[in-house]
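Notes follow once the structure below has been shown.
The values are calculated or read from the model by the stated rules, or taken from the named source; none is laboratory data. Model, not experiment: these values are computed from the prediction. Note: ideal-geometry Cβ built from the backbone for every residue, glycine included; neighbour counts use all protein chains shown.
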Ligand SMILES: [Zn+2]
């Protein structure tokens, strides 16, 4: 689907251009971009309620050692516990409510000999990265929240202003310096990820370290003081030399490895000549729909995994699922 519009930007000749109608935001399901629980923020500061709720047998708690947690053998579900099955020490993180059932995480004190030896639960312990493609909702949504917090606690040990010791509050969502009282909140680093199109062609790039045939949408972190749209235009130009316009929002995906928020866009190319930066991107190519399908079927083009927003962008543009993945 495409419409013809006129390019009327200042300093340019007025020319008719083919303007693709990009898929509307929300038209495509994006994995991990699902509301699985009521975060019930008011309960984070309700100490009485938290104390009373933690030991209740109906409360569900996932123990986390570093960023590892217990799952079933298939990696589809979290092994939730009751408080009396868990150690009495560690940081208690309140995740929220699902169907009125309180869900928590317990950040265990790390032991060098691994969580299985720490006296908590039997069975398989894993990282979210290892099971992100198999873990089902709502557990996937809970673990995206819990692991983002665990990553944050693991990498924020002291006050960044004065080096003082930190005290956690807000049911694990605020760190306060014991010395200067500065508060820190969990952060998400926005990154843009974009499908650049030129009529019926789309631009994909690859990194030198990737296995042969692997291509993905372009992506990059947002600079300080930069808008998301500006970041899309800059990253595409830096990585491939292609100029883009009509930056259109697609959707977003939390990606807590360790703390990214991937914000997806479509953008229309104004120039098509490719000159890769050779650093972040070693090759970039224009793919027609036919190229993409034929390559994906033959395995000469390997597209990103089904869970990734990159895959959602590619398939939303293509219009239907494509074979093969990383
Ligand atoms: Zn401080």
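Okay, here's what the table says:
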item	result
Residues being more than 18 Å from residue 198 (Cα to Cα), in contact with a helix residue (DSSP H, G or I) (Cβ under 7 Å, 6 or more places away or on another chain) and in a strand (DSSP E or B) - total across the stretch 258-313	2
Index of the failed condition, residue 212 passing every other in (1) within 17 Å of residue 287 (Cα to Cα); (2) not assigned by TED's automatic domain parsing to the domain that holds residue 241	(2)
Count of residues meeting criterion [within 16 Å of the ligand (Cβ to nearest atom) and on the phi < 0 side of the Ramachandran plot] in the stretch 151-169	13
All positions within the stretch 199-212 that are at pLDDT below 95 and farther than 25 Å from residue 259 by Cα	199, 200, 211, 212
Complete set of residues in the stretch 107-139 that are part of a loop (DSSP other than H, G, I, E, B), in contact with a strand residue (DSSP E or B) (Cβ under 7 Å, 6 or more places away or on another chain) and at pLDDT below 85	110, 120, 121, 123
Output for the stretch 244-258, where each listed residue is over 19 Å from residue 305 (Cβ atoms) and crowded, with 17+ Cβ neighbours inside 10 Å	244, 246, 247, 248
Members of the stretch 177-188 found to be buried (at least 18 other Cβ atoms within 10 Å of the Cβ) and more than 8 Å from the ligand (Cβ to nearest atom), listed by number	186
Single unsatisfied condition, residue 293 versus (1) surrounded by 14 or more Cβ atoms within 10 Å (Cβ to Cβ); (2) in contact with a strand residue (DSSP E or B) (Cβ under 8 Å, 6 or more places away or on another chain); (3) farther than 30 Å from residue 147 by Cα	(2)
